[in-house]
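Enquirer: Handing you a structure now.
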Amino acid sequence: MSLAELDGVDRRLINRLQEGLPLVARPYAAVAEALGVTEGDLLYRLERLRESGMLSRFGPMYHAERLGGGLTLAALAVPEPDFERVVEAVNAFPEVAHNYRREHALNMWFVLATETPARIGEVIAAIEAATGLPVFNMPKEEEFHVRLHLPV
């Protein structure tokens, strides 16, 4: 699916969901009503957008550290011929929250979210073993809240 294939409702849905869901008994029904569609149509559109890859992730964001977990930004310098293999290896870890390609010597950046802070080191060691590459761990020193909204 491409941007050109999105209709007006799809675009409004994506834009609306970036604002979060209302805290009501039936949040999808509330959003559907605001968009002028049925709840079933909204859920079908979400499924279609996910399956097509237009939406890569749809779900809540949690503050892992406040819940007792660990969170860190990490990076790898991946040789180009190995990039797809390493992507698959890294993404196989359930602790990998996001994984992005970068135009940089460290060309793969990902976020690790773990149940405990101590688990960060264990997962990094496991990723190094699985990929054969050193992981550069960049733990947060200071937190900034940046509201990123990407209008469609």
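The values are calculated or read from the model by the stated rules, or taken from the named source; none is laboratory data. As the structure is a prediction and not an experimental result, all values here were calculated from the model. Please note: Cβ atoms are built from the backbone with ideal geometry, for glycine as well, and neighbour counts cover all protein chains shown. Surface accessibility is based on the protein's heavy atoms, side chains included, excluding ligands, DNA and RNA. Shrake-Rupley method; radii C 1.70, N 1.55, O 1.52, S 1.80 Å.
Enquirer: Quick one: would you say Arg45 is of a type in the set (Lys, Arg) and more than 15 Å from Val9 (Cβ to Cβ)? Quick ask: steps written out before the conclusion?
Expert: Working: of a type in the set (Lys, Arg): yes; more than 15 Å from Val9 (Cβ to Cβ): no.
In short, no.
Enquirer: Let me ask something additional. Name the residues in the range 125-149 that are of a type in the set (S, T, N, Q) and either assigned to a strand (DSSP E or B) or touching a strand residue (DSSP E or B) at 6+ places or on another chain (Cβ under 6 Å) (or both), would you?
Expert: Hit for the range 125-149 is Asn137, nothing else.
Enquirer: Hey, among the residues in the range 28-68 that are polar (S, T, N, Q) and open to solvent by 50 Å² or more (accessible area, probe 1.4 Å), which one's modelled with the highest pLDDT?
Expert: Going through the range 28-68, the residues polar (S, T, N, Q) turn out to be 38, 52, 56.
From the residues that got through so far, the ones that are open to solvent by 50 Å² or more (accessible area, probe 1.4 Å) too are 38, 56.
Values: Thr38: 98, Ser56: 77.
Per the criteria, the residue is Thr38.
Enquirer: Turning to a different aspect of this structure: Looking at Ile120, Ile124, can you tell me which residue is touching a Leu at 6+ places or on another chain (Cβ under 7 Å) and not assigned by TED's automatic domain parsing to the domain that holds Leu21? Working first, answer last.
Expert: Values: Ile124 fails: touching a Leu at 6+ places or on another chain (Cβ under 7 Å).
Going through Ile120, Ile124 in turn, just one is touching a Leu at 6+ places or on another chain (Cβ under 7 Å) and not assigned by TED's automatic domain parsing to the domain that holds Leu21: Ile120.
Enquirer: Could you check the range 71-92 and list, in sequence order, the residues that are open to solvent by 40 Å² or more (accessible area, probe 1.4 Å) and within 18 Å of Ala125 (Cα to Cα)?
Expert: Taking the range 71-92 first, the residues open to solvent by 40 Å² or more (accessible area, probe 1.4 Å) are 71, 73, 77, 79-82, 84-85, 88, 91-92.
Of everything in the range 71-92, those that are open to solvent by 40 Å² or more (accessible area, probe 1.4 Å) and within 18 Å of Ala125 (Cα to Cα) turn out to be Leu71, Leu73, Ala77, Arg85, Glu88, Asn91, Ala92.
Enquirer: When the residues of the range 97-124 are filtered to those that are outside any strand (DSSP E or B) and among the basic types (Lys, Arg), which remaining residue is least open to solvent (accessible area, probe 1.4 Å)?
Expert: Looking at residues that are outside any strand (DSSP E or B) and among the basic types (Lys, Arg), I get Arg119.
Enquirer: Within the range 92-99, identify whether any single residue is on the phi < 0 side of the Ramachandran plot and modelled with pLDDT under 90, and answer yes or no.
Expert: Keep residues of the range 92-99 that are on the phi < 0 side of the Ramachandran plot, which gives 92-99.
Next, only the ones that are modelled with pLDDT under 90 stay: 97-98.
Within the range 92-99, one or more residues are on the phi < 0 side of the Ramachandran plot and modelled with pLDDT under 90.
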